1. I want to verify the translational diffusion coefficient of region 2-188 in µm²/s; compute it with Stokes-Einstein, Rh as the Kirkwood radius over Cα pairs, at 25 °C and 0.890 mPa s.
2. Before anything else, pin down the relative contact order of region 2-188: Cα pairs under 8 Å, at least 6 apart, normalised by residue count, whole percent.
3. What does the C-alpha gyration tensor say about the overall shape of region 110-170? Classify as rounded when a/c is under 1.5, otherwise prolate if a/b is larger than b/c, or oblate.
4. Before rounding to the nearest 500, sum -39500 (n - 2.57) across all DSSP H runs of length at least 4 in the chain and divide by the residue total; then give [θ] at 222 nm in deg cm²/dmol.
5. What's the local net charge at Glu128, with K and R +1, D and E -1, over the other residues with C-beta under 12 Å away?
6. Of all beta bridges DSSP finds with both residues in the chain, what is the antiparallel percent, to the nearest 5?
7. When a footprinting reagent is the concern and you count Cβ atoms within 10 Å, what order do Val103, Val8 take, fewest first?
8. Past the 20 Å Cα-Cα mark, which pairs from Lys32/Lys186; Lys32/Lys189; Lys55/Lys163; Lys2/Lys32; Lys120/Lys141?
Amino acid sequence: MKIGVLAVQGAFIEHERMLERLGAQTVELRKKSDITENVLDGLVLPGGESTVQGKLLRELDMFDSIKALIEKGTPVLATCAGMILLARHISGDSSVHLGTLPVTVKRNAYGRQLGSFVTKGDFKGLGEFEMTFIRAPYVEKSESDEVELLSEVAGKTVAVRYKNQIALAFHPEVGEDTRIHELFLKMIK
């Protein structure tokens, strides 16, 4: 199983390490040929800075290839900035990146870096899960009945699933709990 991990900016190495611990092979996606020359079974869009990642996807000519993979059904795990990249709308911002996830997200919803925090919350099908939020977004509004709520924290939606896409406002890759990455790999099998 080969997972493409967007590696232009952000927390991609932590995802790679966790996926490799679970037996998956990872490929860093840094240019278009990394996508076109590999048969990818899944994609990871990591946390980082969504504006920078979106800009680099276009500048490196990766945008259309990644969007096409998602639209054809390739499973994708998106965390934090990755959630913003997938969102159809960003609250208070007219820009849209991939737009494959029918939700509106609120960027930096918990404030700046100092507003970062760790908490525990219920995750559908997994039970209690430790969640690390770093300049995190949340889903402000779902735009489809097909968007499945996976987790809420303090009344805010922080994890959703839509068809082949799992989007999280938090960073499961920075902890030791592999259950979300296992769930992602099960989507591929």
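Just so you know, all these numbers are worked out from the coordinates, no wet-lab data involved. Just so it is clear, the structure is predicted and the values come from calculations on it, not from any experiment. No Cβ is skipped: glycine too gets one built from the backbone with ideal geometry, and neighbour counts run over all protein chains shown.
1. In µm²/s, the coefficient rounds to 153.
2. Answer for region 2-188 is 19 percent.
3. Because a/c hits 1.5 or more and a/b fails to exceed b/c, region 110-170 counts as oblate.
4. -7000 deg cm²/dmol
5. 0
6. 55
7. By the 10 Å Cβ count, ascending: Val8, Val103.
8. Flagged as over cut-off: Lys32/Lys186; Lys32/Lys189; Lys55/Lys163; Lys120/Lys141.
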